[in-house]
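Remarks on the structure that follows.
The values are calculated or read from the model by the stated rules, or taken from the named source; none is laboratory data. Nothing here was measured: the structure is a model prediction, and the numbers come from that model. Neighbour counts are summed over all protein chains in view; Cβ atoms, including those assigned to glycine, are modelled from backbone coordinates with ideal geometry. Please note that ligands, DNA and RNA were not included when accessible areas were found on the heavy atoms of the full protein model with its side chains. Shrake-Rupley method; radii C 1.70, N 1.55, O 1.52, S 1.80 Å.
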Amino acid sequence: MKKEDCIFCKIAAGEIPSCTIYEDEDVRVILDLGPASKGHALILPKEHYDDVCSLDEGLAAKLLPLAARIGQAMKSSLGCAGFNLVQNNGRAAGQTVFHFHMHVIPRYEDGADIVSWTPGSPDSGELAQTAERIREALEKQ
Ligand code: 5GP
Ligand code: ZN
């Protein structure tokens, strides 16, 4: 179902023009208008899902193989040395468009700092306690 006022629904449906690099019955893959690097692409389902938590499982199974194909095509066409798959869920995680999408970000040997974090240093007790909390929640699902 299309969601009114969702820009990615409109782009995925072709109602708003985009630089499309791939399309099938389920997805449209477009170039990001604010790219992290040359060739930065977004995989958009044609159906509206807010984020990965509501994504259809059959569609989800298609997405990683497709992302791998796109990454390979970026390597052969753009000469990137690698690529990142990035997928943000929730405002706190950096999601700004609330229609599920996966970023495919070509990486060049230019030292660009695109996806990074400062490693924490939890002790073994804290790690064990955190793991226990998540395991308990998983068991309740
Ligand atoms: P998010 O932060 O939600 O994971 O990523 C949203 C991405 O969508 C950003 O990288 C942003 O540059 C891109 N974006 C936002 N609006 C548009 C648009 O209208 N067209 C295209 N091609 N990309 C967009
Ligand atoms: Zn949408």
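Given Cβ point charges of +1 (Lys, Arg) and -1 (Asp, Glu) and nothing else, what value in debye, to the nearest 20, does the dipole of region 1-104 about its Cα centre take?
Dipole about the Cα centre, nearest 20: 440 debye.
Kindly express, to the nearest 10 degrees and within the range 0 to 90, the angle between helix 124-140's C-alpha long axis and the longest C-alpha principal axis of the chain.
It works out to around 60 degrees.
Please flag any cysteine in the chain that has no other cysteine's Cβ under 4.7 angstrom from its own Cβ.
Cys with no partner Cβ under 4.7 Å: CYS19, CYS53, CYS80.
Considering lysine pairs in region 1-47 that are 8 or more places apart or on different chains, how many have Cα atoms under 12 Å apart? Spell out each step's value before the answer.
Details: LYS2/LYS10; LYS2/LYS46; LYS3/LYS46; LYS10/LYS46.
Step by step, the pairs that qualify in region 1-47 add up to 4.
Return the long-range amide H neighbours of ASN84 (sequence gap of 5 or more, or a different chain), with a cut-off of under 5 Å between placed amide H atoms.
ILE105, ARG107
Put +1 on the Cβ of each Lys and Arg and -1 on the Cβ of each Asp and Glu in region 1-44; which of GLY34, THR20, CYS6 then has its Cα farthest toward the positive end of the dipole?
Ranked along the dipole, the leading option is GLY34.
Which aspartates and glutamates have a Cα lying under 18 Å from the Cα of LYS75, excluding residues fewer than 8 positions away in the same chain?
Within the straight-line limit of under 18 Å, LYS75 reaches these aspartates and glutamates: ASP32, GLU109, ASP110.
Step through the residues of region 63-68 one at a time and calculate ³J(HN,Hα) from phi using the Karplus curve (6.51 cos²θ - 1.76 cosθ + 1.60, θ = phi - 60°), rounding each to whole Hz and writing x for Gly and Pro.
My calculation for region 63-68 gives 6, 5, x, 5, 4, 5 Hz in order.
Amide H to amide H under 5 Å from LEU44: which residues, 5+ apart in sequence or cross-chain, H placed 1.01 Å off N in plane?
Placed amide hydrogens put ARG28, VAL29, ILE30 under 5 Å from LEU44.
Summarise the accessible area of region 1-117 (1.4 Å probe, protein heavy atoms) by the percent that is carbon and sulfur. Display every interim value, and only then the final one.
Working: 3690 of 6740 Å².
Within region 1-117, the accessible surface is 55 percent carbon and sulfur.
List the aspartates and glutamates whose Cα sits under 20 Å from the Cα of LYS62, skipping any in the same chain fewer than 8 residues away.
The qualifying aspartates and glutamates are GLU23, ASP24, GLU25, ASP26, GLU47, ASP50, ASP51.
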